[in-house]
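The values are calculated or read from the model by the stated rules, or taken from the named source; none is laboratory data. What you are looking at is a predicted structure, and each value in this text was computed from that prediction instead of being measured. Ideal geometry is used to build each Cβ from the backbone, glycine not excepted, and the neighbour counts take in all protein chains shown. When the accessible area is computed, the model is the full protein with side chains, heavy atoms only, and any ligands, DNA or RNA have been set aside. Shrake-Rupley method; radii C 1.70, N 1.55, O 1.52, S 1.80 Å.
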Amino acid sequence: MTEAEVLNNTETGDSKTPVNFIQTIISEDLRTGKNGGRVHTRFPPEPNGYLHIGHAKSICLNFGLAAANNGITNLRFDDTNPSKEEVEYVESIKTDVRWLGFDWEDRLFYASDYFELLYSFAVQLIKAGKAFVCDLSAQEIKDYRGTLTEPGKESPYRNRSVEENLDLFERMRAGEFEDGSRVLRAKINMASPNLNMRDPVIYRILRATHHRTVDKWCIYPMYDYAHPLSDALEAITHSVCTLEFADHRPLYEWFIDNVDYDSAKYGRPQQIEFARLNLTHTVMSKRKLRQLVEEGYVSGWDDPRMPTISGLRRRGYTPASIRDFCERIGVAKRDSMVDIALLEHCIREELNFKAPRVMAVLQPLKVIIDNYPEGQVEWLEAENNPEDPEAGSRKIPFSREIYIEQEDFMENPPKKFFRLVPGGEIRLKSAYIIKCEEVVKDEQGNIIELHCTYDPDSKSGGPTAGRKVKGTSHWVSALHAIPAEVRLYDHLFLQEDPEGDETEDFTSNINPGSLESLTACMLEPSLVDAVTGNRYQFMRQGYFCVDPDSTPDKMVFNRIVSLRDTWAKMQKK
RNA sequence: UGGAAGGUGGUCUAAUGGUAGGACCAUGGACUUUGACUCCAUUAGUGCAGGUUCGAGUCCUGCCCUUCCAACCA
């Protein structure tokens with residue numbers, strides 16, 4: 001979208017998504033000619049974990065804002081802490097951003113690309129008397145920092161000479177000092193009400209192998225120092241981050257203002273904060289997600305119950321549905337908790353149009369149609385998608401013995417139950433109407449099979465198919481069915497806000513029924529060709545996709561999301 | 001109790017000082033060879049108290065509530 005279109009949208013109000021406050025800022029910057037009309041954003045993950053749906057919001061925002069304003073977006077890894085970062089994570093992050101549908105083209109960067117420059121900027125600060133080497137221990141620095149209500153005290157090393165600071169900093173780099181023994185600090189204001197301004201640490205000594213620079217460095221810059229300058233060096237115009245960094249903005253600007261990075265060439269980045277995404281019935285912090293993985297509550301980062309991009313992908317969510325979700329939730333500065341039902345709505349809406357319909361019986365009940373000729377098989381025509389005439393149709397086999405869903409039969413039904421009951425009738429989808437004649441039970445009284453008769457005149461699509469019965473069931477021919485495993489997923493946490501009670505361990509809220517594995521499912525034979533990632537609607541049940549665990553001998557499906565189920569709702573009441 | 005940012009139906013999000021709207025959820029109904037989809041309808045909101053104004057969600061004052069900040073993490 002061009003600037004004119006954006007503005008036009010604002011005026012006419014016919015934009016599908018209302019412009020958010022960041023777009024308003026950008027539009028104003030464009031109007032006043034700030035940054036020479038450039039819009040350049042960046043997505044700056046730290047490669048210390050897998051991306052989740054909250055990152056998707058940021059990715060869609062950063063790439064979306066740039067795209068909407070004729071701008072570009074960098075992918076930049078914020079890799080300044082080698083003790084926590086790994087290549088595994090950078091690879092997964094690249095995969096996830098690409099999968100979501102975004103392209104950083106040739107603009108893949110790492111904060112570590114700038115280590116040498118950042119070092120020289122630090123030397124610059126020292127020479128200007130704006131940074132000093134401090135010998136205080138971590139604990140002492142903390143003690144000197146003061147509190148929220150009391151100012152801090154200046155470090156006794158604060159007034160070292162430029163020469164001594166230069167010498168010490170050079171020797172820090174050279175590896176002459178132990179980890180943690182000294183740091184480089186910015187000289188700002190120990191009495192500032194903003195703790196971030198109380199002579200913040202900008203370099204620490206840390207002997208850890210970096211995933212890119214390996215053992216070249218034993219000092220590493222801190223986020224507060226590396227981030228604004230990385231933004232500046234990439235000529236970023238709008239540096240969008242989450243709310244918790246708002247207090248860091250004065251520091252961000254301090255480095256931009258006090259380092260000579262050639263602002264005439266690169267411009268001056270502006271930090272803008274927005275509220276991170278919270279979703280009901282899940283957790284979003286990397287620490288907690290890692291805990292779920294490491295303590296075995298889930299099978300891995302890509303467990304289909306996880307809110308990670310890889311989990312959602314394996315679950316069967318599409319990139320388009322996630323992008324749609326991110327559009328719909330909007331962008332603002334107030335803390336919020338989005339109902340996960342909105343995410344579910346987005347995938348249902350997309351799949352309703354795109355997913356082929358098939359029949360699958362999850363909990364089979366054998367039905368024998370006594371008046372259907374033994375050995376006969378009819379291949380019946382079944383519509384692939386009533387929402388899409390282009391989807392065509394397929395043939396499904398009908399025979400004397402079929403399976404229906406156990407819950408589609410009740411011996412003693414409640415009122416409003418319009419499925420199969422003793423002596424009652426039901427339409428088999430795309431086939432015949434059958435009538436229940438006899439219920440067969442085992443010694444424990446469990447229903448093991450049904451004997452029915454069919455109405456030959458009720459064949460679906462035939463000239464005499466017009467007779468109406470209240471209920472319709474899905475089914476599969478017993479002879480032709482493909483056995484499969486189907487995994488049903490529910491919310492990972494029972495409570496809407498599993499992190500709400502800080503006194504309680506969030507793992508105590510895990511939903512014990514979040515995964516239900518059904519291993520005796522029966523699928524219609526057309527599914528024999530299904531491959532990993534294929535998505536279907538199992539009629540009357542939900543949307544499912546083939547899991548990577550699936551093999552030709554043992555197919556495995558994940559339930560992406562159920563269909564809306566009015567009957568289940570009625571029963572709950 | 002220092003500083004910063006916020007408070008619009010259950011949830012998310014709109015509204016040059018001028019009819020508080022949309023989406024999700026919920027509820028009721030129509031339709032249905034998916035109790036799906038679709039369609040229709042309904043409930044329900046500007047944190048509180050003042051002030052300015054012909055008129056305040058919007059401006060002013062005071063109060064209340066929420067979130068964030070005291071890593072050599074990001």
Please turn the phi angles of segment A:148-160 into ³J(HN,Hα) values with the Karplus equation 6.51 cos²θ - 1.76 cosθ + 1.60 (θ = phi - 60°), one per residue in order, whole Hz, x for glycine and proline. 4, 9, 10, x, x, 10, 6, 5, x, 9, 4, 10, 4
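For chain A, report the accessible area per residue in Å² (1.4 Å probe, heavy atoms, rounded to an integer). Don't skip to the answer; put the middle values down first.
Working: 26340 Å² over 573 residues.
With the other protein chains kept in place, chain A gives 46 Å² per residue.
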Residue separation times 0.36 nm, minus the C-alpha to C-alpha distance between A:Thr551 and A:Lys416: what's the value? 44.5 nm
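Quick one: which of A:Lys94/A:Lys142; A:Lys366/A:Lys416; A:Lys366/A:Lys572; A:Lys366/A:Lys468; A:Lys366/A:Lys415 span more than 32 angstrom between C-alpha atoms?
Working: A:Lys94/A:Lys142 37 Å; A:Lys366/A:Lys416 24 Å; A:Lys366/A:Lys572 27 Å; A:Lys366/A:Lys468 24 Å; A:Lys366/A:Lys415 24 Å.
Pairs exceeding the cut-off: A:Lys94/A:Lys142.
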Phi to ³J(HN,Hα) by Karplus 6.51 cos²θ - 1.76 cosθ + 1.60 over segment A:421-427, Hz, x for Gly, Pro: 9, x, x, x, 10, 8, 8
With the dipole of chain A defined by +1 on each Lys or Arg Cβ and -1 on each Asp or Glu Cβ, the option from A:Pro512, A:Asn194, A:His227 whose Cα lies farthest towards the positive pole is A:Asn194
With a 1.4 Å probe and every protein chain kept in, tell me what percent of the accessible surface of chain A is carbon plus sulfur. 49
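Quick check for me: using +1 on Lys/Arg Cβ and -1 on Asp/Glu Cβ, what's the dipole size of segment A:44-106 about its Cα centre, in debye to the nearest 20?
Values: 5 positive and 11 negative charges, 60 e Å.
Here segment A:44-106 has a charge dipole of around 300 debye.
Treating only the Cβ of Lys, Arg, Asp and Glu as charged (+1, +1, -1, -1), what charge dipole size does segment A:363-474 show about its Cα centre? Round to the nearest 20 debye.
400
If the only charges are +1 at each Lys and Arg Cβ and -1 at each Asp and Glu Cβ, what is the size of the charge dipole of chain A around the Cα centre, to the nearest 20 debye?
Numbers: 71 positive and 91 negative charges, 187 e Å.
Dipole about the Cα centre, nearest 20: 900 debye.
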Simple label model, 7 Å out from Cα along Cβ direction - A:Met337 to A:Glu28, nm: 3.2
In square nanometres, what is one fourth of the surface area of the convex hull spanned by the alpha carbons of chain A? 33.4
Report, by chain and number, residues whose modeled amide H sits under 5 Å from the one on A:Leu279, excluding near sequence neighbours (fewer than 5 apart, same chain). A:Val338
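Once fully extended, how much extra length lies between A:Glu387 and A:Asn534, figured as 0.36 nm per residue of separation less the alpha-carbon to alpha-carbon distance?
Values: separation 147, 0.36 × 147 = 52.92 nm, distance 1.83 nm.
That works out to 51.1 nm of additional length.
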Residues whose built amide H sits under 5 Å from the amide H of A:Leu479, excluding neighbours closer than 5 in sequence, are A:Glu401
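Taking 0.36 nm per residue of separation and subtracting the Cα-Cα distance, what length does fully extending A:Arg290 through A:Glu253 add?
Numbers: separation 37, 0.36 × 37 = 13.32 nm, distance 3.30 nm.
Computed gain between A:Arg290 and A:Glu253 is 10.0 nm.
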Could you run the Karplus curve 6.51 cos²θ - 1.76 cosθ + 1.60 with θ = phi - 60° over segment A:496-506 and give me ³J(HN,Hα) per residue in whole Hz, x for Gly and Pro? 4, 10, x, 9, x, 9, 5, 7, 10, 5, 4
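Translational D (Stokes-Einstein, µm²/s) of segment A:139-225 at 4 °C and 1.567 mPa s when Rh comes from the Kirkwood sum over C-alpha pairs?
Numbers: Rh = 14.0 Å.
Approximately 92 µm²/s, per Stokes-Einstein.
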Computed helical MRE - 222 nm, chain A, DSSP H runs ≥ 4 contributing -39500 (n - 2.57), nearest 500: -8500 deg cm²/dmol
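In square nanometres and to one decimal, what's the mean projected area of the convex hull around the Cα atoms of segment A:363-474?
Values: hull surface 32.4 nm².
With the hull built on Cα positions only, its mean projection is 8.1 nm².
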Which residues qualify? For A:Thr242, with a placed amide H closer than 5 Å and at least 5 residues away or on another chain, they are A:Phe274
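Please grab the % of Cα pairs in segment A:38-274 that end up more than 25 Å from each other.
Considering segment A:38-274, 43 percent of its Cα-Cα pairs are separated by more than 25 Å.
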Would you mind telling me the antiparallel percentage of the DSSP bridges in chain A, rounded to 5? 70
Simple spin-label model, 7 Å along Cα-to-Cβ: A:Thr242 to A:Glu401 in nm? 5.6
Only bridges with both residues in segment A:38-274 count here: give the DSSP antiparallel percent, nearest 5. 50
How large is the convex hull of the Cα atoms of segment A:181-226 per residue, expressed in Å³ as a whole number? 77
Nitroxide proxy distance, nm - points 7 Å out along Cα→Cβ at A:Asn189 and A:Val201: 2.4
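Relative contact order, percent, of segment A:38-274 when contacts are C-alpha pairs under 8 Å separated by at least 6 residues? Kindly include the intermediate steps, with their values, before the conclusion.
Details: 399 pairs, mean separation 46.5, N = 237.
With pairs under 8 Å counted, the relative contact order is 20 percent.
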Restricting attention to chain A, give the cysteines that have no other cysteine Cβ less than 4.7 angstrom from their Cβ. A:Cys134, A:Cys218, A:Cys241, A:Cys346, A:Cys436, A:Cys452, A:Cys521, A:Cys545
